[in-house]
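J.: Take a look at this one; I'll ask things after.
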Ligand SMILES: *Cc1c(COP(=O)(O)O)cnc(C)c1O
């Protein structure tokens with residue numbers, strides 16, 4: 001007997017390949033002669049790492065970054081000519097998996113360098129130029145890496161989203177000084193926001209992430225193009241009299257006789273609870289305000305002004321990352337990576 005067909009999803013993300021590609025091309029153009037990679041960790045910022053890699057590889061992106069070795073197998077097989085790098089480096093218990101996979105570590109500690117040195121393989125390495133997070137200390141980097149084949153030497157900016165912050169220039173200068181003493185195939189410093197800091201920060205290679213996926217500002221100051229549009233199905237429509245309440249804590253009270261649509265979308269899907277009462281849905285261009293609290297699996301919208309809606313219809317749920325971030329008090333990064341596994345991700 002063949003297995004039963006998979007049940008249809010009740011929520012979906014409509015993903016826009018053209019917007020993803022246009023965002024990457026904007027970064028690539030902004031860095032001129034430098035190479036433009038793509039950070040696709042955390043499943044491509046929640047939107048789909050494999051789908052992102054395939055699309056960006058097809059338009060010329062060669063360097064991709066994930067955080068963990070566990071993120072590598074779902075990306076295979078890699079298209080020809082792609083270099084996949086693992087930002088957390090490699091530990092002893094990851095070594096055998098790492099040697100069997102077509103990716104290379106960005107080594108972040110002296111112990112990792114010693115471990116990888118025994119393999120005789122090329123590496124990448126991270127210098128901590130002032131963030132005090134991951135990476136080799138500037139003073140130790142040249143000695144620790146002596147004799148290693150370093151394909152790319154990286155550093156990472158702590159304050160790139162604040163162009164006025166003095167740490168940007170301090171980190172750039174520190175990394176330049178270390179780079180002068182460490183031979184490498186290429187030098188890389190900038191994330192999405194770092195690219196906007198200008199050519200002095202571009203070096204040979206850049207690693208944009210959030211700006212590819214609809215968050216943050218692009219190098220020209222515009223907001224990144226939204227890549228994922230959210231839709232959820234109306235499970236039930238209910239007529240609520242004036243004075244009736246909706247949802248947990250009765251947080252919404254109808255001020256007029258109202259029609260409430262309850263949709264299959266909740267904070268378990270990454271539709272943040274902070275959007276309660278402040279977000280909206282859209283039905284054929286009519287704006288339908290959120291009614292009450294977002295719960296784990298459900299959210300409600302006041303669709304009184306969209307009388308043609310029926311149970312089973314799809315509602316458009318605006319989720320442009322920066323707007324949703326400011327409405328919910330979270331960041332576009334947190335919102336994107338929290339997008340859940342119940343969404344059907346549909347690429348166009
Ligand atoms: C995540 C990450 C990036 C991408 O940063 P965005 O702010 O998303 O552009 C670049 N470099 C490193 C080391 C990262 O960890």
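J.: Could you identify the single residue in 348, 338, 324, 308 that is surrounded by fewer than 17 Cβ atoms within 10 Å (Cβ to Cβ), free of Cβ contacts under 8 Å to residues at least 60 places away in the same chain and either farther than 15 Å from residue 268 by Cβ or under 19 Å from the mean Cα position of the chain (by Cα) (or both)?
T.: Working: 348 fails: free of Cβ contacts under 8 Å to residues at least 60 places away in the same chain; 338 fails: free of Cβ contacts under 8 Å to residues at least 60 places away in the same chain; 324 fails: surrounded by fewer than 17 Cβ atoms within 10 Å (Cβ to Cβ).
From the options 348, 338, 324, 308, the qualifying one is 308.
J.: Here's something else I'd like to know. Hey, can you tell me all the residues within the range 117-133 that are under 28 Å from residue 73 (Cβ atoms) and surrounded by 18 or more Cβ atoms within 10 Å (Cβ to Cβ)?
T.: Initial filter on the range 117-133 (under 28 Å from residue 73 (Cβ atoms)): 117-126, 133.
Passing the criteria: 123, 124, 125, 126.
J.: Among (1) touching a strand residue (DSSP E or B) at 6+ places or on another chain (Cβ under 9 Å); (2) within 16 Å of the ligand (Cβ to nearest atom); (3) not in a strand (DSSP E or B), where does residue 242 come up short?
T.: The single condition residue 242 does not satisfy is (2).
J.: Then there's this: How about the range 160-171: which of its residues are touching a residue at least 12 places away in the same chain (Cβ under 8 Å) and either within 16 Å of the ligand (Cβ to nearest atom) or in contact with a strand residue (DSSP E or B) (Cβ under 9 Å, 6 or more places away or on another chain) (or both)? Working first, answer last.
T.: Of all residues in the range 160-171, those touching a residue at least 12 places away in the same chain (Cβ under 8 Å) come to 160-161, 163, 167-168, 170-171.
160, 161, 163, 167, 168, 171, listed by residue number.
J.: Please pick out the residue among 42, 38, 30 that is within 21 Å of residue 185 (Cα to Cα) and in contact with a strand residue (DSSP E or B) (Cβ under 9 Å, 6 or more places away or on another chain).
T.: None of the other options fit; the residue is 38.
J.: What do you reckon, is residue 72 at pLDDT 95 or above, away from the ligand (no atom under 15 Å from the Cβ) and buried (at least 19 other Cβ atoms within 10 Å of the Cβ)?
T.: Numbers: at pLDDT 95 or above: yes; away from the ligand (no atom under 15 Å from the Cβ): yes; buried (at least 19 other Cβ atoms within 10 Å of the Cβ): yes.
Yes, satisfied.
J.: Shifting gears a bit: Only one of (1) under 23 Å from residue 116 (Cα atoms); (2) free of Cβ contacts under 8 Å to residues at least 24 places away in the same chain is not met by residue 66, so which one is it?
T.: (2)
J.: Given the criterion surrounded by 13 or more Cβ atoms within 10 Å (Cβ to Cβ) and over 27 Å from residue 339 (Cβ atoms), identify the matching residue among 263, 294, 240, 246.
T.: On the way: 263 fails: over 27 Å from residue 339 (Cβ atoms); 294 fails: over 27 Å from residue 339 (Cβ atoms); 246 fails: over 27 Å from residue 339 (Cβ atoms).
Criteria check complete, one pass: 240.
J.: Among the residues of the range 221-232 satisfying the criterion of being touching a residue at least 60 places away in the same chain (Cβ under 8 Å) and within 16 Å of the ligand (Cβ to nearest atom), which is surrounded by the fewest Cβ atoms within 10 Å (Cβ to Cβ)? Steps first, answer last, please.
T.: Start the filter on the range 221-232 by keeping residues that are touching a residue at least 60 places away in the same chain (Cβ under 8 Å), which leaves 223-232.
Of the ones still in play, those that are also within 16 Å of the ligand (Cβ to nearest atom) are 223-228.
On the way: 223: 16, 224: 26, 225: 19, 226: 18, 227: 29, 228: 26.
Across the range 221-232, the extreme among qualifying residues is 223.
J.: If you go through the range 179-208, how many residues are in a loop (DSSP other than H, G, I, E, B) and within 16 Å of residue 158 (Cβ to Cβ)?
T.: Start the filter on the range 179-208 by keeping residues that are in a loop (DSSP other than H, G, I, E, B), which leaves 182-185, 189-191, 196-198, 202-204, 207-208.
After this cut, where a residue has to be within 16 Å of residue 158 (Cβ to Cβ) as well, the list is 189-191, 196-197, 207.
Qualifying residue count, the range 179-208: 6.
J.: Which numbered condition in (1) more than 32 Å from the chain's Cα centre (by Cα); (2) part of a helix (DSSP H, G or I); (3) surrounded by 14 or more Cβ atoms within 10 Å (Cβ to Cβ) is the only one that residue 274 fails?
T.: In the conditions (1) more than 32 Å from the chain's Cα centre (by Cα); (2) part of a helix (DSSP H, G or I); (3) surrounded by 14 or more Cβ atoms within 10 Å (Cβ to Cβ), residue 274 misses (1) alone.
J.: For the range 160-219, what are the residues that are on the phi > 0 side of the Ramachandran plot and surrounded by 21 or more Cβ atoms within 10 Å (Cβ to Cβ)? So that I can check it myself, show each step before the final result.
T.: Let us first name the residues in the range 160-219 that are on the phi > 0 side of the Ramachandran plot, namely 198, 203, 214, 216.
Within the range 160-219, 203, 214, 216 qualify.
J.: Do the conditions hold for residue 159, that is, is it outside any helix (DSSP H, G or I) and more than 21 Å from residue 35 (Cβ to Cβ)? Can you show your working first?
T.: Details: outside any helix (DSSP H, G or I): yes; more than 21 Å from residue 35 (Cβ to Cβ): yes.
So residue 159 fits the description; yes.
J.: A further question follows. Considering only residues that are in contact with a strand residue (DSSP E or B) (Cβ under 7 Å, 6 or more places away or on another chain) and part of a helix (DSSP H, G or I), look in the range 58-76 and name the one that is nearest to residue 320 (Cα to Cα).
T.: Checked the range 58-76; the qualifying residue nearest to residue 320 (Cα to Cα) is 75.
One line per residue, one yes/no per condition, for (1) modelled with pLDDT of 95 or more; (2) within 30 Å of residue 132 (Cα to Cα); (3) more than 16 Å from the ligand (Cβ to nearest atom):
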{"position": "173", "(1), (2), (3)": "yes, yes, yes"}
{"position": "177", "(1), (2), (3)": "yes, yes, yes"}
{"position": "181", "(1), (2), (3)": "yes, yes, yes"}
{"position": "190", "(1), (2), (3)": "yes, yes, no"}
{"position": "203", "(1), (2), (3)": "yes, yes, no"}
{"position": "209", "(1), (2), (3)": "yes, yes, no"}
{"position": "234", "(1), (2), (3)": "yes, no, yes"}
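Okay, residues lined up against (1) more than 15 Å from the chain's Cα centre (by Cα); (2) crowded, with 22+ Cβ neighbours inside 10 Å; (3) assigned to a helix (DSSP H, G or I):
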residue	(1), (2), (3)
5	yes, no, no
14	yes, no, no
18	yes, no, yes
47	no, yes, no
56	no, yes, yes
78	yes, no, no
94	yes, no, yes
111	yes, no, yes
115	yes, no, yes
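The values are calculated or read from the model by the stated rules, or taken from the named source; none is laboratory data. Only a predicted model underlies this, so the values are computations on that prediction, with no experimental measurement involved. FYI the Cβ positions are ideal-geometry reconstructions off the backbone, even for glycines, and counts take in every protein chain you see.
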